[in-house]
Structure formats: structure tokens, C-alpha cells
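These notes concern the structure reproduced below.
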Amino acid sequence: TSPTVDETSVHGRDQEKHEIISKLVDNNNQKIIKIVSIIGLGGSGKTTLAKLVFNDDNIVKEHFEVRIWVHVSQAYNVEKLVEKLFEAISGEKSERCSLQKMAETISNKLTRKRYLLVFDDAWNENRIQWEEIMVHVKCGAPGSSILLTTCSIKVAEAVESTESFNLPFLSEVDCWALFRQSFGMTIEGLGSEFLEVGRVIVNRCGGVPLAIKVLAGVLRDKKRVEEWKAIRDSNLLDFEDKER
């Protein structure tokens, strides 16, 4: 992932964004690097929220001298993550660089700088491996922060998060607003029966943004209300009870 985000396409995350930012810039303890973990289901909008925070013009860009975005993913090992961190910081490819050279570059970039480092989509629950990574980033200035997104509270514990934030589901109002936008046309023009069935389908998405966006794309190609009812009555949306 890249940290680019279209803020106009995001609904219902203003409060969460400001809450995360306040945790990241809190100056109560300047001696430690804060680690804030956003925890939530796949598709719940963790990465989108992290992007909103990362790109904030009012506070984040003013507070942090350096901002780095690293997509971790499931294919995790210490050396690979150092390579990704090096590439994000230097803008260079890591193929021809030794681990020592990469470590020196990372240190030179972060030393005495107040930085925000995002580790997006982290899966590794090995505390020792995370400690090996943190060695490379502990040289920042007081006030530096790490923002991590993960599906697992065990990951947040392994990185020794100073703060954990459990991402809530979207409200019904925000779910419907996101569906209307993702649908891509004036949905009200379809008629009241479409709207009634559509609201039921959206509510069964459980407040998960990705599910809403996917279903909007599916329903856009369904021109008959019977097709919408078939989706409403199917078991395609049974994930809601399982995930909750």
C-alpha cells in the first residue's frame, strides 16, 4: 500500500482520526517512543484511518519532521522489513545494499529527528523479532511515534504498544452514505423498493467498509429488484454474525 488517500471517499472516521493523532502527539512522556496500534477486522478501515492520520496537514505534518510509511504484510522477517524501511526512507532499492549499510542509512535519517513511522498490516506475533526491528528506530528524537495497523491484539502486545485503539464499526448513517457514494450513480432514482432492499443489505454488512464497497459494485450491475432481493435473502452476508 501507499499512503495516498482520497479523503472525500471516507465516511465516519473524523473522531477516530483526531483521537489517534492526540495519542501520537501527546507529550506526557518524552523519554519513550510511543507505539499506537489500530486493531480491527480485515476490511474495517484500519489502513484508511492510518492514511488519514499520516496525511493530516493541521497537526501531524507540523509535529513530525520525518514521516515514513511501510507496508509489512504477512511475509514477515526481520531482514525483509529492514529492507522495506530502508527503501521507504532512502527512496532507493535495497538489492545492492548490505544489511549494515541499510541500518546506517536508517539511523542517519532518524537520529535526532522527531518521526512518525507507520507499520501497516502487521501480522507477526513474535516479540523477539519485533525487538530486533525496534533497535533500528530507537534513535529518533523525543516525541517520535510509531503507528501500527493489525488484525490481532497479540501483534499489538508483541510490539509493546503504549496505546491500543480498537476500531469501531461504521454507524448505519455512515454505512448508507458510503454505499451511496460507492454505488456511483443516483441510487434514489431506482425507486423506493430498491432503496428499502438496499438498506437491509447494507445493514447486514456489519459496518465493515470493504464489504459495503464490494456489494455496491455487485448491485450496480443488477437492474431488477428481484436480483437485489436474491442477494438480500442469500447467505452471502452471513459473515456479520461470525465476525462479531
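The values are calculated or read from the model by the stated rules, or taken from the named source; none is laboratory data. All figures in this text were calculated on a predicted structure; none of them were measured in a lab. Note that each Cβ is placed from the backbone with ideal geometry, even for glycine, and that neighbours are counted across all protein chains shown. Ligands, DNA and RNA are excluded from the accessible area calculation, which covers all protein heavy atoms including side chains. Shrake-Rupley method; radii C 1.70, N 1.55, O 1.52, S 1.80 Å.
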| task | Go over the candidates Val137, Val118 one by one and state the one that is within 25 Å of Glu62 (Cα to Cα), among the aliphatic types (A, V, I, L, M) and under 15 Å from the mean Cα position of the chain (by Cα). | result | Val118
| request: Select from segment 62-93 the residues that are open to solvent by less than 80 Å² (accessible area, probe 1.4 Å), free of Cβ contacts under 8 Å to residues at least 40 places away in the same chain and touching a helix residue (DSSP H, G or I) at 6+ places or on another chain (Cβ under 8 Å) and list them in ascending order. | output: Glu83, Phe86, Ile89, Ser90
| task | Go through segment 30-61 and give me each residue that's touching a residue at least 40 places away in the same chain (Cβ under 8 Å) and surrounded by fewer than 18 Cβ atoms within 10 Å (Cβ to Cβ). | result | Gln30, Lys31, Ile32, Gly42, Asn55
| said: Criterion first (free of Cβ contacts under 8 Å to residues at least 12 places away in the same chain, aliphatic (A, V, I, L, M) and over 17 Å from Val118 (Cα atoms)) does Val214 satisfy it? | reply: yes
| query | Scanning for something at pLDDT below 90 and within 14 Å of the chain's Cα centre (by Cα), does segment 22-32 turn up at least one residue? | reply | no
| query | Out of all the residues in segment 186-244, which are at pLDDT 90 or above, open to solvent by 90 Å² or more (accessible area, probe 1.4 Å) and in a helix (DSSP H, G or I)? | reply | Glu196, Arg199, Leu210, Lys213, Glu226, Asp233
| field | Selected residue (criterion: farthest from Val66 (Cα to Cα)) from residues of segment 114-136 that are open to solvent by less than 40 Å² (accessible area, probe 1.4 Å) and of a type outside the set (A, V, I, L, M) | value | Asn124
| query | Out of curiosity, is Leu147 in contact with a helix residue (DSSP H, G or I) (Cβ under 9 Å, 6 or more places away or on another chain) and under 30 Å from Arg232 (Cβ atoms)? | reply | no
| query | If you take the residues in segment 154-185 that are open to solvent by 80 Å² or more (accessible area, probe 1.4 Å) and of a type in the set (A, V, I, L, M), which one is modelled with the lowest pLDDT? | reply | Met185
| task | Pull up segment 94-113, narrow it to residues that are open to solvent by 70 Å² or more (accessible area, probe 1.4 Å) and touching a helix residue (DSSP H, G or I) at 6+ places or on another chain (Cβ under 8 Å), then point me to the one that is farthest from Trp69 (Cα to Cα). | result | Leu99
